[in-house]
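*Asks:* Please find one structure pasted underneath; my questions will follow.
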Amino acid sequence: MENRPGKIDNRVKHYRQKAGLSQTGLAEIVGIKRQAIYDIESGRYLPNTGVALKLAKNLGCRVEDLFYETVSTADCFLVMGEDVTPGDGRVSVVIIRDKLVVYPVDGRFTFPSQMQPADGMFKKEKGQIRFFTPDTCLEQNILITGCDPAFSLLSAHASRVDPRLRAFCRFGSTHAAIDRLARGKTHLAGLHLHNQTEEEANVALARRKMARNGGALVMGFSFMEEGLIVARGNPLNIKTAADLSCPGIRFVNREPGAALRVLLDELLAASNIPGTAVPGYDILVDGHNQGAQMIAWGMADAALGLRPVAHAFDLDFVPLAEVRCDLVVPADLLDDPRIQIILNVLQSRGFRDELSLLPGYSQKKTGATIAAF
């Protein structure tokens, strides 16, 4: 893939003034004319490597501090992953079908709690991205959207196969993930719907969403336990979804359409309990981690989530169901070398062995082709 079109901007004037140097003074130190310094600072002249190295050395900084690449909407087509243009701040960038898809690195929809690295800085007013390094290899970035925490293991195993590959994960419900996949805003989508009929729910949703996109491959990723995250020792003795309607239990829910909320609604309906009878039914959290945090901090008594998330926060877990999570890959991306690495890792013994060691996980369908259309 060809390099993205962009513009090289600079901060030579900033570092020159910080060093207390005039244009003439800097020119004499570096061994070039004052006009050249003026042209560099104004963006009319891009110096060669030797001059850039001398500038950095004498200004007490790195070359990448002086010169950086920006990509703007005037240079190429930027697509905002969240549909809303982010404010100024750090962003992650992936290339999907020759478009730059931009996501804010805000922590809200990322899996781990630690700080997440970004590819660059987005400037809303100018519609530009300033990359943190001029040689950012966006072609090596791949995005997985879904809500299975084990996607981070898939990313790690893929990087061991090719250290250049950056497979990073962004949290999204099943419906949000497949919607972004169909709109070209992610490379892979994780689905984990419960089968309500003999038809495979994940396959039916993928087929419906991807029919106009040339089809897709649905590959098994994991089986995982879903249920209720509760405090250590389960002090309120919560055993079923129906127990959430008991007085004094503070519950936090997921957004409408989330697979776990759909499961909860089915279980409540089977017990003839309306959602309005559950205290906190209308209090929403953005994902498993946020729900677990509220339990850990004593702000709630029960939240929808997965066993490994409860385990990670040293909480207890009430299982409600087991569900299969599948990865959906657009048919036109199957020959992408990065996708090939991901699919090969899914079928590798090492990844499947580690997956099976996670609490509440099974790898009985990992790497198996569920459907192709």
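*Asks:* Give me, ordered by chain and number, the residues 5 or more places off ARG170 or on other chains with an amide H under 5 Å from its own placed amide H.
*Replies:* ILE144, THR145, GLY146
*Asks:* Still on this structure, please answer the following. Can you give me the distance in nm between label points at PHE77 and VAL63, each placed 7 Å from the Cα along the Cα-to-Cβ direction?
*Replies:* 3.4
*Asks:* With θ set to phi - 60°, apply the Karplus curve 6.51 cos²θ - 1.76 cosθ + 1.60 along region 86-97 and write out the HN-Hα couplings as whole Hz, x wherever there is a Gly or Pro.
*Replies:* x, x, 4, x, 6, 9, 9, 10, 10, 9, 10, 6
*Asks:* Here's a follow-up. Select from region 223-308 those chymotrypsin sites (Phe, Trp or Tyr not before Pro) which occupy a DSSP coil region and have at most 10 other Cβ atoms within 10 Å, ordered by residue number.
*Replies:* Working: sites: PHE223, PHE251, TYR281, TRP297; in loops: TYR281, TRP297.
In loop regions of region 223-308 (DSSP not H, G, I, E or B), the sparsely surrounded chymotrypsin sites (Phe, Trp or Tyr not before Pro) are TRP297.
*Asks:* Another question, then. Which of ILE229, GLY31, ALA312 sits farthest toward the positive end of the charge dipole of the chain, with +1 on the Cβ of Lys and Arg and -1 on the Cβ of Asp and Glu?
*Replies:* GLY31
*Asks:* Work out how much length ARG11 to ILE29 would gain on full extension: take 0.36 nm times their residue separation and subtract the Cα-Cα distance, in nm to one decimal. Before the final figure, lay out the partial values.
*Replies:* Details: separation 18, 0.36 × 18 = 6.48 nm, distance 1.78 nm.
Gain on stretching ARG11 to ILE29: 4.7 nm.
*Asks:* Residues of region 216-243 with backbone nitrogen within less than 20 Å of a virtual label 7 Å along the Cα-to-Cβ line of HIS311, please, listed as ranges.
*Replies:* The answer is 221-234, whose backbone nitrogens lie closer than 20 Å to the label point.
*Asks:* Can you grab the distance from the C-alpha centre of region 31-65 to the C-alpha centre of region 118-162, Å, no decimals?
*Replies:* 30
*Asks:* So for the chain, Kirkwood radius off the Cα pairs, Stokes-Einstein at 10 °C and 1.306 mPa s: how many µm² s⁻¹?
*Replies:* My calculation gives 69 µm²/s for D.
*Asks:* Hey, another quick one. In debye, nearest 20: dipole of region 139-373 around its Cα centre with unit charges on the Cβ of K, R (+) and D, E (-)? Walk me through the numbers before you get to the answer.
*Replies:* Details: 23 positive and 25 negative charges, 100 e Å.
Taking the Cα centre of region 139-373 as origin, the dipole is about 480 debye.
*Asks:* Taking 0.36 nm per intervening residue step and subtracting the Cα-Cα distance, what contour gain separates THR240 from ASP179 on full extension? Could the numbers behind the result be given before it?
*Replies:* Values: separation 61, 0.36 × 61 = 21.96 nm, distance 3.16 nm.
Residue separation times 0.36 nm, minus the Cα-Cα distance, leaves 18.8 nm.
*Asks:* Based on other C-beta atoms within 10 Å, arrange VAL84, VAL12, VAL285 from fewest to most. Spell out each step's value before the answer.
*Replies:* Numbers: VAL84 8, VAL12 23, VAL285 19.
With the sparsest Cβ surroundings first, the list reads VAL84, VAL285, VAL12.
*Asks:* Which order do ARG324, ARG170, ARG11 fall in if you start with the one that has the fewest other Cβ atoms within 10 Å?
*Replies:* On the way: ARG324 23, ARG170 26, ARG11 15.
In order of increasing Cβ crowding within 10 Å: ARG11, ARG324, ARG170.
*Asks:* Would you mind getting me the FRET efficiency between CYS137 and THR49? Use the beta-carbon distance for r and R0 = 30 Å, nearest 0.05. Can you show the working numbers first?
*Replies:* Values: r = 19 Å, r/R0 = 0.64.
Given R0 = 30 Å and the Cβ-Cβ separation, E is 0.95.
*Asks:* Cut-off is 10 Å between beta-carbons; in what order do THR240, THR276, THR186 appear when sorted fewest neighbours first?
*Replies:* Numbers: THR240 13, THR276 9, THR186 29.
By the 10 Å Cβ count, ascending: THR276, THR240, THR186.
*Asks:* Report the Rg/Rh value for region 7-72, based on alpha-carbon coordinates and the Kirkwood definition of Rh. Spell out each step's value before the answer.
*Replies:* Working: Rg = 10.8 Å, Rh = 11.6 Å.
Checking Rg against Rh, the ratio lands at 0.93.
*Asks:* If I model a spin label at SER152 and LYS18 as a point 7 Å from the Cα along the Cα→Cβ vector, what separation in nanometres do I get?
*Replies:* It works out to 3.3 nm between the two label points.
*Asks:* D for region 193-311, whole µm²/s, Stokes-Einstein with Kirkwood Rh over alpha-carbon pairs at 37 °C and 0.692 mPa s: what number?
*Replies:* Values: Rh = 15.6 Å.
My calculation gives 210 µm²/s for D.
*Asks:* Still on this model: Give me, ordered by chain and number, the residues 5 or more places off ILE96 or on other chains with an amide H under 5 Å from its own placed amide H.
*Replies:* Answer set, sorted by chain and number: VAL101.
*Asks:* Let me ask something else about it. First measure r as the distance between the Cβ atoms of GLN347 and LYS126, then evaluate 1/(1 + (r/R0)^6) with R0 = 51 Å and state the FRET efficiency to the nearest 0.05.
*Replies:* On the way: r = 45 Å, r/R0 = 0.88.
That gives a FRET efficiency of 0.70.
*Asks:* Using θ = phi - 60° and the Karplus relation 6.51 cos²θ - 1.76 cosθ + 1.60, list the HN-Hα couplings for region 236-248 in order, rounded to whole Hz, with x at every Gly or Pro.
*Replies:* Karplus values, whole Hz, x for Gly and Pro: 9, 6, 6, 10, 9, 4, 5, 5, 5, 7, 5, x, x.
*Asks:* Right, something else. To test your reading of the geometry: what angle, between 0 and 90 degrees and rounded to tens, separates the Cα axis of helix 49-59 from the longest principal axis of the chain?
*Replies:* 90
*Asks:* Among the chymotrypsin sites (Phe, Trp or Tyr not before Pro) within region 120-165, which fall in a DSSP loop and have no more than 16 other Cβ atoms within 10 Å of their own Cβ?
*Replies:* Details: sites: PHE122, PHE131, PHE132, PHE151; in loops: PHE132.
Here the chymotrypsin sites (Phe, Trp or Tyr not before Pro) that fit, given the DSSP loop and packing criteria, are PHE132.
*Asks:* Starting from the Kirkwood Rh over alpha-carbon pairs, what translational D in µm² s⁻¹ does region 173-263 have by Stokes-Einstein at 25 °C and 0.890 mPa s? Working shown, then result.
*Replies:* Details: Rh = 15.5 Å.
For the chosen part, D equals 158 µm²/s.
*Asks:* A further question on this structure: Which percentage, to the nearest 5, of the DSSP beta bridges contained in the chain is antiparallel? Could you put the intermediate results ahead of the total?
*Replies:* On the way: 47 of 61 bridges.
Antiparallel bridges: around 75 percent, rounded to the nearest 5.
*Asks:* May I ask which of LYS99/LYS185; LYS7/LYS123; LYS18/LYS124; LYS33/LYS54; LYS185/LYS209; LYS18/LYS54 have a Cα-Cα span longer than 19 Å here? Let's see the in-between values first.
*Replies:* Details: LYS99/LYS185 9 Å; LYS7/LYS123 14 Å; LYS18/LYS124 27 Å; LYS33/LYS54 14 Å; LYS185/LYS209 14 Å; LYS18/LYS54 16 Å.
As for pairs spanning more than 19 Å Cα to Cα, those are LYS18/LYS124.
*Asks:* Could you give each residue of region 286-294 its phi-based ³J(HN,Hα) in whole Hz, using Karplus coefficients 6.51, -1.76, 1.60 with θ = phi - 60°, and x for Gly or Pro?
*Replies:* 7, x, 4, 5, 5, x, 5, 4, 5
Throughout, read-outs are computed from the coordinates displayed, never taken from laboratory work. Since we're looking at a predicted model, the values are computed, not measured. A quick note on method: Cβ atoms are made from the backbone with ideal geometry, for glycine too, and the neighbour counts reach across all protein chains shown.
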